[in-house]
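FYI, it's all coordinate maths here, none of it is from the lab. Note that the structure is predicted; figures quoted are calculated from it, not measured. Don't worry about glycine lacking a Cβ; one is built from the backbone with ideal geometry, like all the others, and counts go over all protein chains shown.
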Amino acid sequence: MIIGYRNMKRIKHQTTVLACCVLAAIFFFPIFWMVLTSFKTELQAIQSPPLFLFEPTLENFSIIQENSDYTKYALNSIITSLGATLLALVIAVPSAYSMAFFPGRYTKDILLWMLSTKMLPAVAVLMPIYLMAQWLNLLDTRIVLIFILAMMNLPIIMWLLFAYFKEIPSEILEASRMDGATTIEEIRYIVLPLAWGGIASAALLSIVLCWNEAFWTILLTAGDAGTLTALVASYAMPEGLFWAKLSAASTLACAPIVVFGWFCQKQLVQGLTFGAVK
Amino acid sequence: MKINVYKVLQAPSIILLLLWMIVPLGMTIYFSFQRYHLLYPERSGFVGLSNYDFFLTDPALGVSVLNTLTLVGGVILITVILGLGISLLLQEAFRGRGIIRILLISPFFIMPTVNALIWKNMFMNPIYGLFAYVSGIFGLPVVNWIAELPLLSIIIMLSWQWTPFALLIFMTSLQSMDQEQVEAAEIEGAGFWSKFRYLTLPHLGRAIGVVVMIQAIFHLGVFAEIYVTTGGGPGHESTNTTWLIFKQALLGFDVGVASAGGVFAIIIANIIAFFLIKTVAKGMGK
């Protein structure tokens, strides 16, 4: 039997769609399973065969809040993520502005050097940073986390903003200068509104990276400044089977940033690739 | 005079990053030549290269370097291949594609500690895990993933998280592909493979470069996944260089040796960075 061209095409289309659905189901399944488990009792969580239908309970969530003070950790995550992002932006916006519109002979090299600081392995500077934080009495404080996270994201933010500012035609700026605008006014009234999209995507990316950072947050914090990554890590230690509670804590820790990521995927790509992929 | 204002604007970012890099780096190099043990602070002083000698003759070093390379290389290979395949499938327009895309990229936003704990407990646990259950159905032997295949387990976790990243970037890059060129090739009778080989792959060159570079940066320093699952073991089977140095520093309290290890890690990272940054800089050209 000869299958017509149109039929071939339809079969191919349907196979592709099916493959996409199967792949999406596989990749999303661990997250689905985590959320599902968070509504089970501890006994149901380890039941075999695995339980798909059951009477959901909210018990785990209230236990997490009572035992480990989820709100405190969530607040630390929010404050450090937003604080570090804000700090990095405040430093980066004027710098990127001046590099984009008044590039010197070494501007390109400086930018590459900034990117190369990302290559410095965190573990190689663990002891110095740890000791300095100790000397300054800043161990387990949000301040030290905010500073470290800001420095980690500064190069990426610089690259992104530089790429965005570059796209603003310099004639507009020259015109404003002719009209007597000062540098601050120029940034405030011309550059910022025009590059708003770029600044937003840099900020979004930085927030996601800060939220999920799990080296410094685990090693430099304890009870006071611990973030959600540290809270979840603390559940790894006792070898008990508290999967339902672990799932509840994980769900609470990830939900905000996953939903956030869904809405800003486009902006994040530009950020992650330093604007190199459009 | 005007020029100075712009220099001043650039100064904070450059000075801060310079301090952020130079000060800890200088201290690490200084410590690496000192005897500095947190438990015996009274014993101190210059010790020449003995910290390096101690670190470099550690039998775990060779294993950990090999593990690091396997980890970085394995994850990059898996994510690039899967990411490419899925992004090509998603070129097909169909209803609900938006939702499929959202489901596919979600793992990227899961925090590393959560990622590792979900997989370790609910999938890889040899008694209650889903993998054990599924292999039980098919009558296959149950694998104790974390204990028997620790490095592979971590590669699976990282690949699950980072395939969406590769996918996200490849999808974005494919959108800017010249469709007329593709149609022209189709009219000329080009099949799937020749289109892929001569049009898609060259177009994705830069995107692949970016994916490889960024993943190399992140995976060279994999920490949280090991911290909450294998703890580098059993033995040194899942110890990477980051973990080895971390163990010297915070578990062994030996700042001197850990610093020598840090200098070693910096040298390795720089060798890799040198090649990668050059490639990406070329790609970004203009």
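Taking segment B:1-129 on its own, what percent of its Cα-Cα pair distances exceed 24 Å?
Numbers: 5601 of 8256 pairs.
Within segment B:1-129, distances greater than 24 Å cover 68 percent of Cα pairs.
Just to be sure I understand the rule: take each whole DSSP H helix in chain B, project its Cα atoms onto its long axis, keep it if the span is 15 Å or more and its mean Kyte-Doolittle hydropathy is at least 0.5. Which ones pass? Before the final figure, lay out each step's value.
Numbers: long enough: B:2-31 (44 Å, 1.43); B:59-89 (46 Å, 2.07); B:150-175 (38 Å, 1.39); B:201-220 (27 Å, 1.45); B:255-284 (40 Å, 1.81).
Going by DSSP H runs, the hits are B:2-31, B:59-89, B:150-175, B:201-220, B:255-284.
Helices of chain A meeting both criteria, an alpha-carbon length of 20 angstrom or more along the long axis and an average Kyte-Doolittle score not below 0.5, with helices taken as full DSSP H segments, are A:5-37, A:70-101, A:142-166, A:196-212, A:243-263.
Listing B:S194, B:S153 from the residue with the fewest other Cβ atoms within 10 Å to the one with the most, what is the order?
Working: B:S194 12, B:S153 24.
Neighbour counts put them in this order, fewest first: B:S194, B:S153.
Along chain A, counting only GluC sites (Glu not before Pro) with a DSSP assignment other than H, G, I, E or B and at most 15 other Cβ atoms inside a 10 Å radius, the longest segment between sites is A:1-166.
For chain A, the calculated P(r) over all alpha carbon pairs, in 10 Å bins from 0 to the bin holding the longest distance, is 6, 21, 24, 21, 15, 8, 3, 0, 0 percent. Ordered by the count of other Cβ atoms within 10 Å of each Cβ, fewest first, A:T41, A:T15 give A:T15, A:T41. Taking other C-beta atoms within 10 angstrom as a stand-in for reagent exposure, B:R206, B:R197, B:R97 fall in the order B:R197, B:R97, B:R206, fewest first. How would you classify chain B from its alpha-carbon gyration tensor, with a ≥ b ≥ c the square roots of the eigenvalues: rounded for a/c under 1.5, else prolate if a/b is greater than b/c, otherwise oblate? It comes out oblate by the Cα gyration axes. Inter-chain neighbour count for A:18-24: the average number of beta-carbon atoms from partner chains within 10 Å of each residue's beta-carbon is 6. Ratio of Rg to Rh for segment A:1-126: 1.22 [Cα atoms; Kirkwood radius as inverse mean 1/r over pairs].
Amide H contacts of B:Q34: B:V47, each under 5 Å away and 5 or more positions distant or on a separate chain (H built 1.01 Å from N in the peptide plane; Pro and chain starts excluded). The three principal axes of the C-alpha atoms in segment B:164-276 carry coordinate ranges of 68, 29, 20 Å, sorted with the longest axis first.
Rounded to the nearest 20, the Cβ-based charge dipole of chain B about its Cα centre (Lys and Arg +1, Asp and Glu -1) stands at 700 debye.
How big is segment B:47-123 by the Kirkwood estimate over distinct Cα pairs, in Å? Kirkwood hydrodynamic radius for segment B:47-123: 16.5 Å.
Hull volume per residue, based on the alpha-carbon atoms of segment A:5-59 and their convex hull, is 97 Å³. Translational diffusion coefficient of the protein assembly as shown (Stokes-Einstein, Kirkwood radius from Cα pairs, 10 °C, 1.306 mPa s): 62 µm²/s. Over the residues of chain B, the helix contribution to mean residue ellipticity at 222 nm works out to -22000 deg cm²/dmol, using -39500 (n - 2.57) for each DSSP H run of at least 4.
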